[in-house]
Amino acid sequence: MRLHPDVSMTDTDDGTVLLHQRTGRYWQLNVTGSRVLHRLLDGDTPESIADGLAAAHGIDAQRARQDVAAVIEQLRTAELTVTS
């Protein structure tokens, strides 16, 4: 996965801001969403990201998988990322 060519990314203390330069729309990811995005961009699998979140936060692994899948779907739907 990689950022859409028209998207700029800036990390902040509170997460990450994404700007789609063609549409002018921007999105704010919280710290957890930012970690998910960065790990996806680094080539990690959704499953390994979810397992890490479940272990770090003491949540159910299935719930973590659903949450990571939801983040991925929202990024794709908003045309912020593309599959390499």
Model label zone, ARG2; criterion: amide N under 17 Å from point 7 Å along Cα-to-beta-carbon; scope the range 59-82: 76, 79-82
Positive minus negative residues near THR45 (Lys, Arg vs Asp, Glu; Cβ under 10 Å): -2
Which one, THR77, ALA56, THR10, projects farthest toward the positive side of the charge dipole computed for the chain from Cβ point charges (K/R +1, D/E -1)? THR77
Ranked by how many other beta carbons lie within 10 Å on average, peptides 63-72, 24-33 from highest: 63-72, 24-33
Could you work out how far apart the two model spin labels at ASP11 and HIS38 are, taking each label as a point 7 Å from the Cα in the direction of the beta carbon, and quote it in nm? 0.4
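What number comes out for accessible area per residue over the chain if the probe is 1.4 Å? Units Å², please. The partial results should precede the final answer.
Details: 5190 Å² over 84 residues.
Value for the chain: 62 Å² per residue.
Given the Cα atoms of the range 1-82, and with Rh set as the inverse mean 1/r over their pairs in the Kirkwood sense, what is Rg to Rh to two decimals? Provide the component values of the computation, followed by the final result.
Details: Rg = 12.6 Å, Rh = 12.9 Å.
Rg/Rh for the range 1-82 comes to 0.98.
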Compute the long axis of helix 46-57 from its Cα atoms, compare it with the longest principal axis of the Cα atoms of the chain, and write down the angle in degrees, 0 to 90, nearest 10. 60
Using only the alpha-carbon atoms, how far is helix 31-41 inclined from the longest principal axis of the chain? Give it as 0 to 90 degrees, nearest 10. 80
Would you work out what percent of the accessible area of the chain, with all protein chains in place, is carbon or sulfur (probe 1.4 Å)? 48
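The values are calculated or read from the model by the stated rules, or taken from the named source; none is laboratory data. A quick note: this is a predicted structure, and the numbers were derived from the prediction, not measured. Quick reminder, even Gly has a Cβ in these numbers, built from the backbone with ideal geometry, and neighbours come from all protein chains shown. Surface areas here come from the heavy atoms of the whole protein model, side chains and all, with no ligands, DNA or RNA. Shrake-Rupley method; radii C 1.70, N 1.55, O 1.52, S 1.80 Å.
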